[in-house]
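The values are calculated or read from the model by the stated rules, or taken from the named source; none is laboratory data. The structure displayed is predicted, hence computed values, not measured ones. Here the Cβ is made from the backbone with ideal geometry for all residues, glycine too, and neighbour counts use every protein chain on show. Please note that ligands, DNA and RNA were not included when accessible areas were found on the heavy atoms of the full protein model with its side chains. Shrake-Rupley method; radii C 1.70, N 1.55, O 1.52, S 1.80 Å.
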Amino acid sequence: MYEGAVQDLIDELGRLPGVGPKSAQRIAFHLLAADAADVRRLVDALTEVKARVRFCDTCGNVAEAEKCRVCADPRRSDDVICVVEEPKDVVAIERTREFRGRYHVLGGAINPIENVGPDDLRIGQLMTRLADGTVTEVILATDPNVEGEATATYLSRLIAPMGVTVSRLASGLPVGGDLEYADEVTLGRAFEGRRVVGG
Ligand SMILES: [Zn+2]
């Protein structure tokens, strides 16, 4: 336990995902020893991201305007939507260059243990996007783990009866992990080999 400002910093850092008490302490002392200019750049980056970045009104991806870059791009096709859990998954799929449609970011996955149900995700917004019949295929690219599979099953039961083709990425992705951990080639292949799933 330290005094005042140092402890406040350690406490704040410790609230970040993946940062345990030891790491929080190490980062805090790193910042204490760092040049004021370096710390200022970090502070500016934090301030800027909160001031400028928001979530896309349409798909939930990170955006610096009402629409994200993908939604604002007229060259992308409107008939396919790829559903992912987090904005970082959009980045992972974009890297494969296999997909030219639109995205929908759920904001997580169904997880009863952590009290995350369908209503906590952007599922209603997805249904709204499907309502006018423009979209003919929904690709479920949730993570290859228990929560991701449960979410995909839930969504396919909801969407397939609407007459929309529902597909799921092919197996071969590292099971139990995050989509972002798959390399570009593996993820690209999983995309190409996606299979239609039933209702
Ligand atoms: Zn968007």
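Of everything in region 135-162 that's open to solvent by less than 70 Å² (accessible area, probe 1.4 Å) and assigned to a loop (DSSP other than H, G, I, E, B), which residue is nearest to Thr58 (Cα to Cα)? Checked region 135-162; the qualifying residue nearest to Thr58 (Cα to Cα) is Val135. Per this entry, Asp119 is counted among residues that are more than 16 Å from the ligand (Cβ to nearest atom) and open to solvent by 60 Å² or more (accessible area, probe 1.4 Å).
Checking region 166-180 against the condition returns no match, with no residue being of a type outside the set (Ser, Thr, Tyr), touching a Ser or Thr at 6+ places or on another chain (Cβ under 6 Å) and in contact (Cβ under 8 Å) with a residue 60 or more places away in the chain. State whether one or more residues within region 111-127 are over 17 Å from Ala190 (Cβ atoms), touching a residue at least 60 places away in the same chain (Cβ under 8 Å), out of contact with any Lys or Arg (no Cβ under 9 Å at 6 or more places or on another chain) and of a type in the set (D, E, K, R). Within region 111-127, one or more residues are over 17 Å from Ala190 (Cβ atoms), touching a residue at least 60 places away in the same chain (Cβ under 8 Å), out of contact with any Lys or Arg (no Cβ under 9 Å at 6 or more places or on another chain) and of a type in the set (D, E, K, R). Those helices (runs of 4 or more DSSP H) of region 1-116 in which at least 2 residues are open to solvent by less than 60 Å² (accessible area, probe 1.4 Å), within 16 Å of the ligand (Cβ to nearest atom) and touching a Leu at 6+ places or on another chain (Cβ under 8 Å), considering only elements entirely within it, cover 87-96.
The single residue among Ala72, Ala51, Ala45, Ala65 that is small (Gly, Ala, Ser), under 24 Å from the mean Cα position of the chain (by Cα) and closer than 30 Å to Ser156 by Cβ turns out to be Ala72. Pairing each residue of region 61-80 that is over 20 Å from Thr47 (Cα atoms) and modelled with pLDDT of 95 or more with any residue that is in a helix (DSSP H, G or I) and more than 10 Å from the ligand (Cβ to nearest atom), provided the two are 6+ apart or on different chains, yields C-beta distances under 8 Å for Val70/Glu94.
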